[in-house]
Amino acid sequence: MMGLEAVGDLALHTILSKLEAEDSARAACVSKKLRASASEDSLWSHFCARDLDLSQPLDPHGNLTPSFKEGYQLWREAFHMYPWSLVKRVKKCWDKLRNWLTINFPEAESTLNKGASEDDIQELEKILKVKLPLPTRILYRFHDGQDFEDKHFQNSLVGCPLGIIGGYSFYNHLVTVYLLPLRQVISETKEITPKLDFPGRSKCVVVAASCTYSEKLFFLNCTSGQLYVGTRNLLDDGEMLPCVPNALISSVHDCSVDQQQDAMLLWLEEHGRRLENGIIKLRQEENFRSISQFPEESPLCSTAITNGVKVRASAVFVPEQATSQKYSFAYSIRMSLLPEGCIINGMTFSSCQLHWRHWIIRAKDVVIADVNGEAVVGQFEGAKGRPI
């Protein structure tokens, strides 16, 4: 103790900053000098930045606080019933998603609701007679799903394209998935699960769905923490497919251990990673745009450039049209000109037109379709540096 009393203020600040925030708070009880050092707001600014990625002293509702120390304390108090390491992880997940949405898709970011209260969550659990997994509870504490107030989209034949999970479109099939607010989790679960016939249905709640006219439903098993997506046989026999390997799910109700993770958190973390890394992006669809689940970066897609024309092919699994015995996929072919244009026989052209296409579709190296003919769906598309 005498040794620490002799340590300079800067060195003591450095030592305390290496500790966890609660350990620094405990150190403040040892001596007046440690109390002074552990109370410096610069130290708590460091803890807020490291643990919560905060550059300002904000409380969980986004309000400014008089100091970083007070802001940090308010965070700890608001989430005292949860493992702090899990709270930090969930906040990081939401921060990544919100940052991407704010920059690239602000109209979707604006649909995110404020966090639900503990009372809101307990009310859902009481009504549906379930216990939400810890990670999912904290996810809803940060944002209570999405709400769409734009009447233009509500009355649209397409539906709303602002689901933050996104989707895909092909022919007359359009899916855009959004996160349900708790009030809709209750209403959708009460409406849908009684129609399903499978063991354990009483422990499943609807947490995500398509907000466009093609239906797609996601169910969270509150006991196991697994997330399921309904297949084409959902209403006939309750058939669903898991979204995450079971081996990755752990300790979804145990506050006393580290590394709690359910499928909902893992699913959103992977989604945020794909958005951040440009694997999936926004796509313009006629008069609206939405997040497309068709991958645009290798190794999840294939790209080739010929004579200045870039062709990118990718596919997505379409569970709502599949069964456990027969899977269904949709594919996307995107073509665009490189900036230097199309070069043929040494001549450069600033535009090109699709006249003929030939797709060979394989599954496990077995050819299952050979598409060969003029144009695409009867349309002779053209492009000037933009994808078609």
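Looking at segment 102-198, the GluC sites (Glu not before Pro) that sit in a DSSP loop and have at most 14 other Cβ atoms within 10 Å of their own Cβ are GLU149. For the chain, with every protein chain kept in place, what is the accessible area per residue (1.4 Å probe, Å²)? I get 53 Å² per residue for the chain. The Cβ shell under 10 Å around VAL175 holds other residues with a net charge of -1, Lys and Arg each +1, Asp and Glu each -1. Counting only residues at least eight positions apart within a chain, or on another chain, the lysines with an alpha carbon under 18 Å from that of LYS91 are LYS114. Report summary: the helix-based calculation at 222 nm, which adds -39500 (n - 2.57) for every DSSP H run with n ≥ 4 and divides by the residues of the chain, gives -9500 deg cm²/dmol. Under the simplified labelling scheme, the GLU270-LYS190 pair shows an inter-label distance of 3.3 nm, with each label point 7 Å from Cα along Cα→Cβ.
Note on ARG312: accessible area approximately 40 square angstrom, rounded to 10, probe 1.4 Å, nucleic acids and ligands left out.
Backbone phi angles across segment 206-219, fed through the Karplus curve with coefficients 6.51, -1.76 and 1.60 (θ = phi - 60°), yield HN-Hα couplings of 7, 10, 8, 7, 7, 9, 10, 6, 8, 7, 8, 10, 10, 10 Hz in residue order; Gly and Pro are listed as x. Normalised by residue count, segment 240-388 yields a Cα convex hull volume of 178 Å³ per residue. Descending by average beta-carbon neighbour count within 10 Å, the peptides 333-341, 303-311 line up as 333-341, 303-311, the highest first. Candidate cross-link partners of LYS364 among the lysines, defined by an alpha-carbon separation under 20 Å and a same-chain spacing of 8 or more, comprise LYS326. Quick one: grab the alpha carbon gyration tensor of segment 295-374, order the square roots of its eigenvalues as a ≥ b ≥ c, and give me rounded if a/c is under 1.5, else prolate or oblate depending on whether a/b is larger than b/c. Prolate, since a/c reaches 1.5 and a/b exceeds b/c.
Give the residue list of chymotrypsin sites (Phe, Trp or Tyr not before Pro) in segment 117-215 that are DSSP loop and have at most 10 other beta-carbon atoms within 10 angstrom. Those that pass, being in a loop and sparsely packed, are TYR171. Ordering MET81, MET264 by accessible surface, largest first, gives MET81, MET264; the 1.4 Å probe counts only protein heavy atoms, with every chain in place. Across all directions, the average flat footprint of the convex hull enclosing the Cα atoms of segment 115-205 is 7.4 nm². For LYS33, the lysines whose Cα comes closer than 22 Å to its Cα, not counting residues fewer than 8 places off in the same chain, are LYS18, LYS69. Remark: relative contact order (the chain) = 9 percent; criterion is Cα-Cα distance under 8 angstrom and separation of 6 or more residues. Solvent-accessible area assigned to carbon and sulfur over the chain amounts to 52 percent, based on a 1.4 Å probe.
Expressed as an acute angle from 0 to 90° and rounded to the nearest 10, what is the orientation of the C-alpha long axis of helix 118-128 relative to the principal long axis of the chain? Value to nearest ten degrees: 50. On a 0 to 90 degree scale, rounded to 10, what angle separates helix 41-52 from the longest Cα axis of the chain? Helix 41-52 and the main axis of the chain meet at about 30 degrees.
The values are calculated or read from the model by the stated rules, or taken from the named source; none is laboratory data. Because the structure is predicted, anything quoted here is derived from the model rather than measured. We place every Cβ from the backbone using ideal geometry, glycine too, and count neighbours over all the protein chains shown. Just so you know, the surface numbers come from the protein's heavy atoms only, side chains and all, with ligands and any DNA or RNA stripped out. Shrake-Rupley method; radii C 1.70, N 1.55, O 1.52, S 1.80 Å.
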